[in-house]
Structure formats: C-alpha cells, structure tokens
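Every number in this text was worked out from the coordinates using simple rules, so none of it is lab data. Predicted model only: the values in this text are computed from it and were never measured. Cβ placement follows ideal geometry from the backbone for every residue including glycine, while neighbour counts extend to all protein chains displayed.
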Ligand SMILES: Nc1ncnc2c1ncn2[C@@H]1O[C@H](COP(=O)(O)OP(=O)(O)OP(=O)(O)O)[C@@H](O)[C@H]1O
Ligand SMILES: [Mg+2]
C-alpha cells in the first residue's frame, strides 16, 4: 500500500488505550467500525496505523476506491469490476475506507460500497470507515442504508484539537 510520507510512522500506540482496544476488538469480532471526529483529529492517522500494523488490511481513500472501480470497469468491463470487489471483500482481513463523504460520488460507487459493507457484515469480517460527516449527513447526502449499517456497528469518536494547527 502506498502510505503518504506524513503517515509513514503512524502507529496504533499513538492513540490511547480505549481506541486501541476498540480497534483490536473490531478486528477480532469482524465488526464495522466508524471513526468520526473533526478535521485534524487523527482519523487518517488511525486508518494508516491499522493499515501498517494489521497484516492483511487494505486502505482506500473513498474517492480512490471510486476511481479504481471506474478503471476496472473501463479496462475489464463489469466482470472485472465484480472480480475486483469480490477480491477486496473476501481476501482482506480489514478493509479501511478513509474519508467517506469527502467528495460526492455517484450512486454506482455508493452501491459498490454498500455491497462491500453487506458482504463483510454477513461474513463477520472487519471494516473501518472514517468520516468527518455525521451519520445524519451520511444518511441524507450519501445513502441511508450505509448510514444505518454504520450506526448499527461501533462508532469511535476522536476528539481533541486539530493536530495540523497544533503542530
Ligand atoms: N495520535 C496521533 N499522534 C501523532 N500524530 C497524529 C495523531 N493523530 C493525528 N496526527 C497527525 O496530525 C495530522 C492530522 O491528522 P489526520 O490527517 O489523521 O486528521 P483527519 O482526522 O484525518 O483530518 P481530515 O478530516 O481533515 O481528513 C497528521 O499530520 C497526522 O499524522
Ligand atoms: Mg483524513
């Protein structure tokens, strides 16, 4: 996975015990965990730490997932797209989607995301979604079924100052 320089040393130990325990449990129990919090609170840092330290995890920025889906469709057709999604769903220990709601994606990509969420839920496989939107905003602007599944899973709220400003 291509980890940007800023997050190359991100570690789970950068977070407090409650956050680490929640992540460990979600991994073990195969839960859907939503990481929320204001900008700069460490959502991507946490996502990168999991991607670096939990073997078999895969991380996509939400927009990157959409771009990758589009590339698969254009190169391999719907069959290739299906194969790409099935491989993510089945083979990865933790699927991490960073920054859901950062960009407005089309219905097609929201359905692809819902497909991944549903599959992982039914198979008891872990998934982490980070967002700085509220679940209400996700329900209104993205998909109420995605928001409902996020609300039904574990919601982990990162609080604190914007670390970009605090330095
Ligand atoms: N627990 C932490 N320990 C050390 N550095 C951290 C920690 N959390 C965040 N940072 C650093 O603070 C900066 C902002 O964090 P990050 O990018 O994770 O915020 P974010 O919540 O994803 O914000 P946004 O909503 O804008 O995407 C980054 O440089 C990140 O590496
Ligand atoms: Mg972020």
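Filter the stretch 37-66 for residues that are more than 9 Å from ligand 1 (Cβ to nearest atom), in contact (Cβ under 8 Å) with a residue 40 or more places away in the chain and within 19 Å of residue 117 (Cβ to Cβ) and give the result.
50, 51, 54, 58, 59, 61, 62, 63, 65, 66 - these are the residues of the stretch 37-66 that are more than 9 Å from ligand 1 (Cβ to nearest atom), in contact (Cβ under 8 Å) with a residue 40 or more places away in the chain and within 19 Å of residue 117 (Cβ to Cβ).
Which is more than 15 Å from ligand 1 (Cβ to nearest atom), surrounded by fewer than 19 Cβ atoms within 10 Å (Cβ to Cβ) and over 13 Å from the mean Cα position of the chain (by Cα), of 87, 17?
87
Tell me, please, whether a residue that is assigned to a helix (DSSP H, G or I) and within 23 Å of residue 87 (Cα to Cα) can be found in the stretch 28-46.
Yes.
Those residues that are surrounded by fewer than 17 Cβ atoms within 10 Å (Cβ to Cβ) and under 26 Å from residue 28 (Cβ atoms), I need them from the stretch 93-144; list them, please.
Of everything in the stretch 93-144, those that are surrounded by fewer than 17 Cβ atoms within 10 Å (Cβ to Cβ) and under 26 Å from residue 28 (Cβ atoms) turn out to be 93, 114, 115, 118, 121, 122, 123, 124.
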